[in-house]
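Written below as structure tokens is the structure these notes are about.
Taken together, the values in this text are just the output of simple stated rules run on the coordinates, not laboratory data. Remember, predicted model here, so these are calculated numbers, not experimental data. Quick reminder, even Gly has a Cβ in these numbers, built from the backbone with ideal geometry, and neighbours come from all protein chains shown.
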Amino acid sequence: MNLSQLHVLVVGGATGGAATALLLARAGARVTLLEKVAQPRAVGAGIGLAENGLAVLESIGLGPAIAAQGRAIETPATVDARGRLLLAPPRPTPRLRMIRRSELQGLLLDALAAEPRIERHFGADVIGAERDGRVIARVDGKTVEHRADLVVGADGVHSQIRTVGRFGVRVRPPGIAYLRALVDVEAAQGVEAWTGAGIFGSFAVGGGTYFFASAGARACRRAIETRDLEALRAVWARAYPPSVPLLGAVRRFDDLILNRVTRVECSTWVDGRLVLLGDAAHAMAPNLGQGANSALVDAAVLLDELRRADDLAAGLDAYQRRRKPAVQHVARIAGSLGALSELTNPVARWLRDRLLVPLVSRLGGDPTPRVLQEPTATLLAIGRA
Ligand SMILES: Cc1cc2nc3c(=O)[nH]c(=O)nc-3n(C[C@H](O)[C@H](O)[C@H](O)COP(=O)(O)OP(=O)(O)OC[C@H]3O[C@@H](n4cnc5c(N)ncnc54)[C@H](O)[C@@H]3O)c2cc1C
């Protein structure tokens, strides 16, 4: 398909939407981007960019900036509360870079601003859409109608585009909460620890540490319900002493970002001219760090399949046939890891910690290619073509 005839409306300007807009525009499409947040630069904590997401970002020219601003994680291992190895990363270890979300978003926004074929509308809240390509947005209290050949719903786990189309969606009720924060102390362990209170991970980012912790254990849940930072610090100090300088550097409870894990599955990602991408199509548990990376792979594969296809419908169908099984597999593994990491019963944890490594190795083979979903060389080639 010759993309220069195509007008694409991308709803959502975060990782998945911004990458889609950039890739499609550089391939010749005219792109309109609608993002409901008026000034999206300062959102979020940190994010781990894996080999697959890095390849897509490198293909759109962001490699040097990400190398400069992100921090390489050499051995992203899983350990127990005392630092003993539970799961070693595969060899050779695929690349992983930790970066502040605001830095990644800043790089994407700058790239969007520099692309003449992208028209950007921030503060544009999409409230409706039709499968014929019409989209209604609310901007400054006024209703604005757009029309495009293709509407990409990259509007996240609570996607509006998903609710207006027929996608056969199944949203699993929110599971446990995760808290995340950025602090300006350098006390990262560079690992994810599975402890008696759940997961605690801490990684260096430029000028500080990004950490995350699950909040499934009863004492954590209570501390969060009562917004009691001291109680939260005490729970984690008992469960995982390396958390002390990190939670100690959090000034107010409101400086913690809280998200509930929600899993989204759709029987189809395509309805007429509407197509889903990223969390809108397949939000998953965060335990493999593949949510945003998978959104980036979606963006590259969407471009690849549109370019190969004779028409729009064939391209969208090929996109979902290539992406859906691959991402569902990753979401299943992430969900299983999430459940295993949350065991709080000491006997169950003892068994998990003694059996997990042999169990995983008995499953056979290196899981990396299926987790990364597409070969690095393919992803690099799509964006550079
Ligand atoms: C604790 C935790 C840790 C995580 N760590 C990682 C990690 O290390 N690596 C990783 O790859 N993933 C990670 N993830 C997952 C990752 O955050 C998501 O998968 C990723 O952000 C999805 O990107 P997206 O572009 O699809 O959606 P989002 O990032 O949710 O972006 C959606 C965009 O759409 C906009 N929008 C929403 N509704 C509308 C509307 N009606 N109109 C216009 N715009 C709209 C929003 O404002 C937003 O900008 C983690 C998640 C959690 C909870």
| said: Neighbour counts of other C-beta atoms within 10 Å: give me 343, 316, 303 arranged from fewest to most. | reply: 343, 316, 303
| note | Between the residues 54, 72, 248, the Cα farthest towards the positive end of the dipole of the chain, that dipole coming from +1 and -1 charges on the beta-carbon of Lys, Arg, Asp and Glu, is from 248
| Could you give the nm distance between label points at residue 359 and residue 38, where each point is 7 Å from its Cα heading toward the beta carbon? | 5.0
| task | Please find the FRET efficiency linking residue 328 to residue 251, where r is the Cβ-Cβ separation and R0 is fixed at 35 Å, and quote it to the nearest 0.05. | result | 0.30
| Which percent, to the nearest 5, of DSSP beta bridges fully inside the chain are antiparallel? | 70
| What is the local net charge at residue 21, summed over the other residues whose Cβ is closer than 11 Å to its Cβ (Lys, Arg +1; Asp, Glu -1)? | +1
| How much FRET efficiency would the formula 1/(1 + (r/R0)^6) give for residue 227 and residue 113, where r is the Cβ-Cβ distance and R0 is 35 Å, rounded to 0.05? | 0.40
| task | Please work out the Kirkwood hydrodynamic radius for the chain, using every pair of different C-alpha atoms, and report it in angstroms with one decimal place. | result | 21.4
| note | Convex hull around the C-alpha positions of the stretch 268-318: the volume in Å³ per residue is 66
| task | Throw me the Rg/Rh for the stretch 36-115, computed over C-alpha atoms with Kirkwood Rh, two decimals. | result | 1.07
| said: What three numbers, in Å, describe the spread of the alpha carbons of the stretch 296-361 along their principal axes, ordered from the longest? | reply: 57, 21, 16
| message | Using only alpha-carbon positions, what ratio does the radius of gyration of the stretch 236-385 give when scaled by 2.2 N^0.38 Å? | response | 1.32
| field | Using a Förster distance of 56 Å, the FRET efficiency for residue 85-residue 122 (Cβ separation, nearest 0.05) | value | 0.80
| field | Relative contact order, percent, the stretch 64-151 [alpha-carbon distance under 8 Å, six or more residues apart] | value | 17
| field | Rg/Rg_ref, the stretch 177-260, where Rg_ref = 2.2 N^0.38 Å and atoms are Cα | value | 0.96
| request: Can you tell me how much longer the chain between residue 378 and residue 186 gets when fully stretched, taken as 0.36 nm per residue apart minus their C-alpha distance, in nm with one decimal? | output: 65.5 nm
| query | Where the only charges are on Cβ atoms (+1 Lys, Arg; -1 Asp, Glu), what is the dipole of the chain about its Cα centre, to the nearest 20 debye? | reply | 900
| query | Does anyone have the angle between helix 229-239 and the longest principal axis of the chain? Alpha-carbon axes, 0 to 90°, nearest 10? | reply | 60
